[in-house]
1. Quick check on this structure: which one of 72, 82 is closer than 28 Å to residue 1 by Cβ and part of a strand (DSSP E or B)?
2. Give me the pairs, please: first residue somewhere in the stretch 1-12 and under 9 Å from residue 64 (Cβ atoms), second residue anywhere and assigned to a strand (DSSP E or B), beta-carbon distance under 9 Å, and either six or more positions apart or on two chains.
3. Just to be sure I understand the filter: pairs with C-beta atoms under 8 Å, separated by 6 or more residues or on different chains, first member in the stretch 65-81 and within 15 Å of residue 47 (Cα to Cα), second member of a type in the set (Ser, Thr, Tyr) and part of a loop (DSSP other than H, G, I, E, B). Which pairs pass?
4. Restricting attention to the stretch 85-99, which residues are outside any helix (DSSP H, G or I) and either under 17 Å from residue 116 (Cβ atoms) or in contact (Cβ under 8 Å) with a residue 60 or more places away in the chain (or both)?
5. Of everything in the stretch 93-124, what is of a type in the set (Ser, Thr, Tyr) and closer than 26 Å to residue 59 by Cβ? Give them in sequence order.
Amino acid sequence: MKVLFISGREPTYTRNGVILKGLSENSVEVVDCTSLSRSYLSRYSSVLAKFLLKHNYDLVFIGFFGQPLVPIIKKLTSKPIILDAFLSSYDTMCFDRKRFKSNSLGGRFFYWLDKHSCELADKV
């Protein structure tokens, strides 16, 4: 089986590293679409550019902090999508980092993003 791995965080991020190690230890061929960039904007741009160049895979595994990627990836592939929704972007942005109030426009956006990305993924 060939799995295309893409994520919103770098591949060295602990959660992504554990998943990548588990896949390779179980004889899964991994097609890497990750980036080591420190900036979210450049990382998302880089992984999406890499994704557009890859065509030979059986399914897409969207790793840690991949919620923003799901709607885009869903439009670009008919292959099954597995989403690692380990942490809620809504909870992180509204309660952990306190960047948005839960009922603000930003808070509602992250709530929608969590819900919508889980609805679009084939497996969560």
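We did not get these values from a lab; they are worked out from the coordinates using the rules stated. Note that the coordinates shown come from a computational prediction; the quantities given were computed from them, not determined experimentally. Cβ coordinates were reconstructed from backbone atoms using ideal geometry, including for glycine residues, and neighbour counts include every protein chain displayed.
1. Details: 72 fails: part of a strand (DSSP E or B).
Matching residue, one of 72, 82: 82.
2. These pairs meet every condition: 7/33; 7/61; 7/62; 8/62.
3. Going by the 8 Å Cβ cut-off, the qualifying pairs are 65/7; 66/7; 69/7.
4. Narrowing the stretch 85-99 to residues outside any helix (DSSP H, G or I): 85-88, 97-99.
Residues satisfying the conditions are 85, 86, 87, 88.
5. 117
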